[in-house]
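**Q** Below is one structure. I have some questions about it.
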Amino acid sequence: MSLRVLVTGAAGQDGAYLCRDLLAAGCQVHAALRPDWPDDGLWRLRELGLLGQPNLYLLALDVRDAAACAAAVGRLQPQHVFHLAAASSVSQALEDPLGSVDSNGNGTLHLLEALRLQARAARFVLASSGEIFAPRDGVVDETCALQARHPYALSKLLAHAAVRCYRDSYGVQASAAILFNHESPLRGSAFVTRKIAAAAARRAAGDGAVLRLGNLDAQRDFGYAPDYVAGLRALAAAPPDDFVFASGICTSIRDFATLAYASAGIALGWRGEGADEHAFDARDGQRCIAVDAALLRPSDAPLLRGDATRARRELGFSHRMDVAGLARVLVEAERQRLRPESHA
């Protein structure tokens, strides 16, 4: 009998890749989307060729609605639940902290409570975040202290704490995947890696627009999303616990931009400091990238690097692509999207 799986946030980057892998493994996949989710928001599932597959069932579910979560779990009786639905934008959370907490924190509680009451044996995996930990010597592992530097981290911290609480207090088979930045061609257009890759592809095609970015010195631990999704599946099959998934290598936004533009055939030069820093195209000296003070966060961690030693040792987690390869994959996807046949 095929495994019955509920995936929230199924139309997002991780959700789409996860649905693809679960379907390939012969699972019955119930892909949960917000009831107001637009049809054009299914573009990731469509790009992966998943829509219309016989074992994929689209499900309208708002995780902020406790009764709806209870009804869905009671009816489906899922054996695995991957909770990926979230308000994932730091800037959005800064503008609407209560909405972020409702979506990320309360949504997780609603699902955990539904499992406690109706499907205690189900395996639950939360997509948690490296943003909720205080680094130790610049590194985050599973033993680091929890902290919330901004409203997004607060909302994810509540979700993470709920997983631990329901596991310890009620025996719910709940785990948290502590995910560091992981990118792919399915990233949303508002994310910085996608913005950089798209701007590089456009400039290579002759667009002279200047890309505006925030803190160029901010460093992130970038990985490849399909590797992290494989980690989620491994975590669901393991004894319940919390694991860091990360590459362990940090790259600044400045260096990622340099790699992305190089992948598009453009060598960047950099001039200035702070808010006056900018990049120019070495071919013609034209400005390509500028710092926009409006994009600087009031509280932005300068370094977020994860230690995935336990996940590698106990779950077999691995990341297959270095950051230069990741930049190439993202830029090539954007160049493909610019070709006329991609819009046919």
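**Q** Are there any pairs, at least 6 apart or on different chains, whose C-beta atoms fall under 9 Å, with the first in the range 147-163 and over 16 Å from P97 (Cα atoms) and the second of a type in the set (D, E), and if so, which?
**A** H160/D242; V163/D242
**Q** Which condition from (1) touching a residue at least 24 places away in the same chain (Cβ under 8 Å); (2) on the phi > 0 side of the Ramachandran plot is the one that E183 breaks?
**A** (2)
**Q** Now, a different point. For the range 139-152, which residues satisfy the criterion of being small (G, A, S) and buried (at least 23 other Cβ atoms within 10 Å of the Cβ)? Talk me through it step by step, then tell me what you get.
**A** Step one: filter the range 139-152 for residues small (G, A, S), giving 145, 148.
None; the set is empty.
**Q** Going through the range 215-268 one residue at a time, which ones are in a strand (DSSP E or B), touching a residue at least 60 places away in the same chain (Cβ under 8 Å) and over 30 Å from L22 (Cα atoms)?
**A** First, pick out the residues of the range 215-268 that are in a strand (DSSP E or B): 219-221, 223-224, 242-245, 250-252, 268.
From what is left, the residues that are touching a residue at least 60 places away in the same chain (Cβ under 8 Å) are 219-221, 223-224, 242-245, 251.
Q219, T251 - these are the residues of the range 215-268 that are in a strand (DSSP E or B), touching a residue at least 60 places away in the same chain (Cβ under 8 Å) and over 30 Å from L22 (Cα atoms).
**Q** Give the residue, chosen from D241, D217, that is modelled with pLDDT under 95 and surrounded by fewer than 18 Cβ atoms within 10 Å (Cβ to Cβ).
**A** Details: D241 fails: modelled with pLDDT under 95.
Every option except D217 fails the conditions.
**Q** Is the range 185-202 home to any residue that is assigned to a strand (DSSP E or B) and not assigned by TED's automatic domain parsing to the domain that holds Q13? Break it down stepwise before answering.
**A** Of the range 185-202, the ones assigned to a strand (DSSP E or B) are none.
Looking through the range 185-202, none of the residues is assigned to a strand (DSSP E or B) and not assigned by TED's automatic domain parsing to the domain that holds Q13.
**Q** Kindly list the number of the only condition in (1) buried (at least 19 other Cβ atoms within 10 Å of the Cβ); (2) small (G, A, S); (3) modelled with pLDDT of 95 or more; (4) within 28 Å of R320 (Cα to Cα) that fails for A159.
**A** Here A159 clears every test but (4).
**Q** Here's another thing I want to ask about it. Against the definition (closer than 17 Å to V331 by Cα and out of contact with any helix residue (DSSP H, G or I) (no Cβ under 8 Å at 6 or more places or on another chain)), how does R283 come out, yes or no? Please lay out each step first, then the result.
**A** Working: closer than 17 Å to V331 by Cα: no; out of contact with any helix residue (DSSP H, G or I) (no Cβ under 8 Å at 6 or more places or on another chain): yes.
Considered against the rule, which asks whether it is closer than 17 Å to V331 by Cα and out of contact with any helix residue (DSSP H, G or I) (no Cβ under 8 Å at 6 or more places or on another chain), R283 comes out as no.
**Q** Let me ask something additional. Please state which of the following conditions G208 fails to meet, knowing it meets all the rest: (1) surrounded by fewer than 22 Cβ atoms within 10 Å (Cβ to Cβ); (2) within 17 Å of S263 (Cβ to Cβ).
**A** Checking G208 against (1) surrounded by fewer than 22 Cβ atoms within 10 Å (Cβ to Cβ); (2) within 17 Å of S263 (Cβ to Cβ), the one that fails is (2).
**Q** (1) modelled with pLDDT of 95 or more; (2) in contact with a Gly (Cβ under 9 Å, 6 or more places away or on another chain); (3) surrounded by fewer than 23 Cβ atoms within 10 Å (Cβ to Cβ): which one isn't true of S89, the others all being true?
**A** Failed condition: (1).
**Q** Separate question: Considering only the range 56-72, I want to know if a residue exists there that is among the acidic types (D, E) and modelled with pLDDT of 95 or more. Talk me through it step by step, then tell me what you get.
**A** Residues of the range 56-72 among the acidic types (D, E): 62, 65.
Right, trim to modelled with pLDDT of 95 or more and you get 62, 65.
The answer is yes, given that some residue of the range 56-72 is among the acidic types (D, E) and modelled with pLDDT of 95 or more.
**Q** Condition test on A246, is it more than 15 Å from the chain's Cα centre (by Cα) and not assigned by TED's automatic domain parsing to the domain that holds V140? Please lay out each step first, then the result.
**A** On the way: more than 15 Å from the chain's Cα centre (by Cα): no; not assigned by TED's automatic domain parsing to the domain that holds V140: yes.
So A246 fails the test.
**Q** When you check T258 against the structure, is it hydroxyl-bearing (S, T, Y), closer than 29 Å to A134 by Cβ and not assigned by TED's automatic domain parsing to the domain that holds A148, yes or no? So that I can check it myself, show each step before the final result.
**A** Numbers: hydroxyl-bearing (S, T, Y): yes; closer than 29 Å to A134 by Cβ: no; not assigned by TED's automatic domain parsing to the domain that holds A148: yes.
In short, no.
**Q** State the number of residues belonging to the range 1-10 that are of a type in the set (A, V, I, L, M, F, W, C), closer than 20 Å to A230 by Cβ and surrounded by fewer than 24 Cβ atoms within 10 Å (Cβ to Cβ). First the steps, then the outcome.
**A** Taking the range 1-10 first, the residues of a type in the set (A, V, I, L, M, F, W, C) are 1, 3, 5-7, 10.
Within this subset, residues satisfying the condition of being closer than 20 Å to A230 by Cβ are 3, 5-7, 10.
Now restrict to residues that are surrounded by fewer than 24 Cβ atoms within 10 Å (Cβ to Cβ): 3.
So the answer is 1.
**Q** Among the residues of the range 93-127, which ones are in contact (Cβ under 8 Å) with a residue 60 or more places away in the chain and surrounded by fewer than 21 Cβ atoms within 10 Å (Cβ to Cβ)?
**A** Within the range 93-127, just L94 meets the criteria.
**Q** Can I ask one more? So A275 fits all but one of (1) within 21 Å of the chain's Cα centre (by Cα); (2) assigned to a helix (DSSP H, G or I); what number is the exception?
**A** Exception for A275: condition (1).
Let's see how each residue does on (1) within 21 Å of R337 (Cβ to Cβ); (2) under 17 Å from the mean Cα position of the chain (by Cα); (3) surrounded by fewer than 17 Cβ atoms within 10 Å (Cβ to Cβ); (4) touching a residue at least 60 places away in the same chain (Cβ under 8 Å):
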site	(1), (2), (3), (4)
D14	yes, yes, no, yes
L18	no, yes, no, yes
L22	no, no, no, yes
Q28	no, no, no, no
R34	no, no, no, no
R46	yes, no, yes, no
L51	yes, no, yes, no
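**Q** Which of the residues spanning the range 88-137 are within 15 Å of the chain's Cα centre (by Cα), more than 25 Å from P240 (Cβ to Cβ) and assigned to a loop (DSSP other than H, G, I, E, B)?
**A** Passing the criteria: only S89.
The values are calculated or read from the model by the stated rules, or taken from the named source; none is laboratory data. Here the structure is a predicted model, which is why all the values come from computation and not from measurement. We place every Cβ from the backbone using ideal geometry, glycine too, and count neighbours over all the protein chains shown.
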